[in-house]
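Down below is the structure, laid out as structure tokens.
What follows draws every value from the coordinates through simple rules; no lab data is involved. What you are looking at is a predicted structure, and each value in this text was computed from that prediction instead of being measured. Heads up, the Cβs are rebuilt from the backbone with ideal geometry, glycines too, and the neighbour counts pull from every protein chain shown.
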Amino acid sequence: MELATLKKDVWGREVILGASWDLLWVILALTFIGIAVHAIVVATKKRKAAPDSSGKRIERHEKIDRIFHWVMAVSMIILLITGIFPKIGIEFAWLTIHWVAGLLLTVIIIFHIFRSIFWQNLKDMWIGLNDLKEPFDESYKPGKYSLAQKSLHASVTILTLLVIISGIIMFALIDTPWWERTNALSEDMLGWVFLTHGLVSLALVAIISLHIYFGLRPEKLFYTRSMIKGWISEHEKNENHDQEKWVSKN
């Protein structure tokens, strides 16, 4: 299975055309095999009683952060649909929708970066050495975010920045309401940009699929609720998090 597809340039040299979209089916298969294995393993374990959701409510996500999350989710899904469907034979007028969603994603990511630096506690998302104990010690409780949540955030951060940077380069080379397309990049260099954009998009398919799966698992639904309503109960917090490590306004 090849990572890239190739073509001949005007000089007869082989250059990269972009990512091999046959990889999509491999990635989907591996992702769903992983999900199935995890579901089976969890089903064989003794399930603990779900924490009580009644009682005092603790704010986990402010409203502005919940709006950011769902706007990012919608824009990301639109980008994946408009970017991947045409590659697998589902044709429609996708280009304008794609770059508009890409600009929206870029704007909200810039907003999130500034908000994270100046108004939030970056340490909440740092992965420290102590966090690595979590998978091997059932008694270990994380702070506000678990190792899995921090790892997901780090992965999405890196992949999103790569897809935005490569997307902006591609956007600069197409017809828009503000400029006409140019051939500012060589075919070889443009191929590397397309390859990066495509491979990162495929990685995001896997990451988003896993994120949706874990967000819908019964024992994790209170986290999903917190991303909709903003809160978890005090009991849910105490059962899953170390109060000393939790950075909270409450």
What distance in nm lies between label points placed 7 Å from Cα along the C-beta direction at Leu173 and Met227? 3.3 nm
By how many nm would the segment from Ala184 to Glu59 lengthen if fully extended, with 0.36 nm per residue of separation less the alpha-carbon distance? 40.1 nm
Karplus couplings for region 213-225 from phi (6.51 cos²θ - 1.76 cosθ + 1.60, θ = phi - 60°), rounded to Hz, Gly and Pro as x? 4, 5, x, 9, 5, x, 6, 10, 4, 5, 5, 5, 4
For the chain, what is Rg from Cα atoms divided by 2.2 N^0.38 Å, rounded to two decimals? 1.18
Can you tell me the equivalent ellipsoid semi-axes for region 57-140? Use √(5λ) from the Cα gyration tensor, largest first, whole Å. 34, 19, 12
Here, chymotrypsin sites (Phe, Trp or Tyr not before Pro) of region 82-170 satisfying both criteria (DSSP loop; at most 13 other Cβ within 10 Å) are Phe92, Trp119, Trp126
Could you name the lysines whose alpha carbon sits less than 16 Å from that of Lys63, not counting residues in the same chain fewer than 8 places away? Lys229, Lys249
Residues with amide H under 5 Å of Leu17's amide H, sequence separation 5 or more or different chain, H placed in the peptide plane at 1.01 Å from N; which? Thr5, Leu6, Lys7
In nm, give the distance between the simple-model label positions of Glu244 and Trp70, each being 7 Å from the Cα along the Cα-to-Cβ direction. 3.8 nm
Considering amide H positions built from the backbone, and no H for Pro or chain starts, which residues 5 or more places from Thr176, or on another chain, come under 5 Å of its amide H? Arg181
Determine, from the Cβ-Cβ distance of Phe114 and Thr5 and an R0 of 35 Å, the FRET efficiency 1/(1 + (r/R0)^6), rounded to the nearest 0.05. 0.40
So what is the orientation-averaged projected area of region 1-78, using the convex hull of its C-alpha atoms, in nm²? 10.3 nm²
If we count other beta carbons within 10 Å of each Cβ, what is the order of Lys56, Lys45, Lys237, fewest first? Lys45, Lys56, Lys237
May I ask you to list the trypsin sites (Lys or Arg not before Pro) in region 127-218 that are in a DSSP loop and have at most 13 other Cβ atoms within 10 Å of their Cβ? Arg181
Quick check: the distance between the Cα centres of region 67-134 and region 21-63, to the nearest angstrom? 20 Å
Those GluC sites (Glu not before Pro) from region 42-139 that are DSSP loop and have at most 13 other Cβ neighbours within 10 Å turn out to be Glu91, Glu138
Neighbouring Cβ atoms within 10 Å as the yardstick, rank Leu195, Leu6 fewest first. Leu6, Leu195
Determine the shape class of region 183-250: with a ≥ b ≥ c the square roots of the Cα gyration tensor eigenvalues, call it rounded for a/c under 1.5, and otherwise prolate if a/b is greater than b/c, oblate otherwise. prolate
